[in-house]
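The values are calculated or read from the model by the stated rules, or taken from the named source; none is laboratory data. Because the structure is predicted, anything quoted here is derived from the model rather than measured. Note: ideal-geometry Cβ built from the backbone for every residue, glycine included; neighbour counts use all protein chains shown. All accessible areas refer to the heavy atoms of the entire protein, side chains included, with ligands and DNA or RNA removed. Shrake-Rupley method; radii C 1.70, N 1.55, O 1.52, S 1.80 Å.
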Amino acid sequence: MTSTQDIILLGPPGAGKGTQAFRLATRLGLPHISTGDLFRQNLREQTPVGLMAKGFMDRGLLVPDEVVCEMVRERLELDDASSGSLLDGFPRTIPQAEALEGMLRRLGRRVDCVLFFDAQDATLVERIAGRLTCSGCSAAFHARFAPPKVAGVCDHCGKAGLAVRSDDTEAAVSARLVEYRTKTEPLLSRYTKSGQLRVINAEQPIATVENSLALALESN
Ligand code: AP5
Ligand code: MG
Ligand code: ZN
């Protein structure tokens, strides 16, 4: 294992990438870089990138590659990413994967491992349908599978007012699944060929998935 670690969390919407990234970030001491969360943060701050991304996100469409890649490039240059990164939801297209390889190469790094969250569509829809998201720290909860300790209050940052994400509508979720199948799934064969892909059974309960991820990383 190299001294820096750059790990990709790859998988369909609602598979549990964000949930596990929160846990892994603490365990590995790496920054959790979620492109979806970065866009939502930009939107809260009403930046041009945030306002532009909103139109795509609310329709369940991917934001153009150049916009996402520039945002990630800037994020990877921040001090906390000097020892590596946990990339949640990036890359999501072949051009994004190529851009990431270039960014890491310039930093003298490479992708160490790609953790693929494998789950059925019915599971994804059930998880997204019950999801509540913290507008403060982006932590995800679930009415049935991961309720907060105090109803409506975030366990992580204490903010009250967990809410349904604006792209968790039925229409946007269907579109996100189509985008995933057509544009993101091709990454699986790329990372299988390169030997970087680790398949995780994301159908299991949260704690079991966490253990599977730890095992996959240990054996990497
Ligand atoms: P993004 O925010 O990344 O959304 P997503 O990929 O659709 O994934 P989600 O965040 O919906 O799911 P997740 O896998 O993180 O699951 P979670 O842990 O929350 O992207 C949003 C949008 O931004 C995109 O549609 C696009 O427009 C844009 N965008 C972002 N990145 C982009 C990129 N690279 N290129 C272009 N555009 C981009 O879990 C889901 C629910 O299930 C929660 O309620 C959780 O509590 C529960 N849960 C989690 N694990 C389990 C479990 N094991 N068992 C039971 N319940 C569980
Ligand atoms: Mg997420
Ligand atoms: Zn929070």
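Kindly indicate which of ASP155, ASP167 is closer than 20 Å to PHE56 by Cβ and in a loop (DSSP other than H, G, I, E, B).
Going through ASP155, ASP167 in turn, the sole match is ASP167.
Listed here are the residues, each with its yes/no results for (1) of a type in the set (D, E, K, R); (2) open to solvent by less than 10 Å² (accessible area, probe 1.4 Å); (3) closer than 22 Å to GLN196 by Cα; (4) away from ligand 3 (no atom under 16 Å from the Cβ).
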| position | (1), (2), (3), (4) |
| --- | --- |
| ILE7 | no, yes, yes, yes |
| PRO12 | no, yes, yes, yes |
| ALA15 | no, yes, yes, yes |
| PHE22 | no, no, yes, no |
| ARG27 | yes, no, yes, yes |
| LEU30 | no, no, yes, yes |
| ILE33 | no, yes, yes, yes |
| GLY36 | no, no, no, no |
| ASN42 | no, no, no, yes |
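When segment 44-61 is examined, which residues are found to be part of a helix (DSSP H, G or I), surrounded by fewer than 20 Cβ atoms within 10 Å (Cβ to Cβ) and at pLDDT 95 or above?
PRO48, VAL49, GLY50, LEU51, MET52, LYS54, GLY55, PHE56
Listed residues ALA129, ALA139; which is more than 20 Å from GLU74 (Cα to Cα), within 16 Å of ligand 3 (Cβ to nearest atom) and of a type outside the set (Ser, Thr, Tyr)?
That would be ALA139, the only listed residue that is more than 20 Å from GLU74 (Cα to Cα), within 16 Å of ligand 3 (Cβ to nearest atom) and of a type outside the set (Ser, Thr, Tyr).
For GLY158, indicate whether it is within 16 Å of ligand 3 (Cβ to nearest atom) and within 23 Å of PRO31 (Cα to Cα).
Yes; evaluated as a whole, the condition is true for this residue.
Among (1) in a strand (DSSP E or B); (2) away from ligand 2 (no atom under 14 Å from the Cβ), there is one condition ILE33 misses while meeting the rest; what is its number?
Of (1) in a strand (DSSP E or B); (2) away from ligand 2 (no atom under 14 Å from the Cβ), only one is false for ILE33: (2).
What residue, among those in segment 131-148 that are over 18 Å from THR169 (Cβ atoms) and among the small types (Gly, Ala, Ser), is nearest to ligand 2 (Cβ to nearest atom)?
So, considering only residues that are over 18 Å from THR169 (Cβ atoms) and among the small types (Gly, Ala, Ser), the one nearest to ligand 2 (Cβ to nearest atom) is SER138.
Could you list all residues from segment 195-220 that are more than 20 Å from ASP121 (Cβ to Cβ) and touching a Leu at 6+ places or on another chain (Cβ under 7 Å)?
Residues satisfying the conditions are LEU197, ARG198, LEU213, ALA216.
Provide a single number: the residues in segment 1-21 that are outside any strand (DSSP E or B) and modelled with pLDDT of 95 or more.
Going through segment 1-21 one residue at a time, the tally reaches 11.
Looking at segment 62-105, which of the residues that are in a loop (DSSP other than H, G, I, E, B) and within 16 Å of ligand 2 (Cβ to nearest atom) is most open to solvent (accessible area, probe 1.4 Å)?
ARG92
Under 6 Å by Cβ, and 6 or more places apart or on different chains, what pairs join a residue from segment 8-26 that is touching a residue at least 60 places away in the same chain (Cβ under 8 Å) with one that is among the hydroxyl-bearing types (Ser, Thr, Tyr) and open to solvent by 20 Å² or more (accessible area, probe 1.4 Å)?
Partner pairs satisfying both residue conditions: none exist.
Tell me which residues, restricted to segment 148-173, are within 9 Å of ligand 1 (Cβ to nearest atom) and either farther than 30 Å from ARG190 by Cα or open to solvent by 40 Å² or more (accessible area, probe 1.4 Å) (or both).
Residue satisfying the conditions is ARG165 alone.
For the subset of segment 174-213 comprising residues that are hydrophobic (A, V, I, L, M, F, W, C) and either in a loop (DSSP other than H, G, I, E, B) or open to solvent by less than 20 Å² (accessible area, probe 1.4 Å) (or both), which member is farthest from ligand 3 (Cβ to nearest atom)?
Within segment 174-213, the match that is farthest from ligand 3 (Cβ to nearest atom) is LEU187.
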